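The values are calculated or read from the model by the stated rules, or taken from the named source; none is laboratory data. Because the structure is predicted, anything quoted here is derived from the model rather than measured. Here the Cβ positions follow ideal geometry from the backbone for every residue, glycine too, while neighbour counts run over all protein chains shown. Surface areas here come from the heavy atoms of the whole protein model, side chains and all, with no ligands, DNA or RNA. Shrake-Rupley method; radii C 1.70, N 1.55, O 1.52, S 1.80 Å.
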Amino acid sequence: QELELLDATNTIFKLIGPVLVKQDMEEARATVSKRLDYIPGEIKRYEQQMQDMEKKSEQQREVLARLQQDFQRAQ
């Protein structure tokens, strides 16, 4: 949205390490667009990883509960 407010007379800089480097308007728009496309995909990927880990965690809890029951019966 911020890039849409700019015109050809504005200067855009890109932060590379501790240095600001002048950047072309179209290159800046392309970079922002790619990042905006990339971020939702990463969010979905991490959410899927979290779900998988939660499933594995639940399975391990069940195994632990069975082992505890077996141990109590053995005593």
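Tabulated values for the structure
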{"quantity": "Of the criteria (1) open to solvent by 100 Å² or more (accessible area, probe 1.4 Å); (2) in a helix (DSSP H, G or I), which one residue 9 fails", "calculated": "(2)"}
{"quantity": "Tally of residues being in contact with a Lys or Arg (Cβ under 9 Å, 6 or more places away or on another chain) and either surrounded by 10 or more Cβ atoms within 10 Å (Cβ to Cβ) or polar (S, T, N, Q) (or both) across region 22-33", "calculated": "4"}
{"quantity": "Qualifying residue in region 34-47 (condition: surrounded by 11 or more Cβ atoms within 10 Å (Cβ to Cβ), part of a helix (DSSP H, G or I) and either touching a Leu at 6+ places or on another chain (Cβ under 6 Å) or not aromatic (Phe, Trp, Tyr) (or both))", "calculated": "no"}
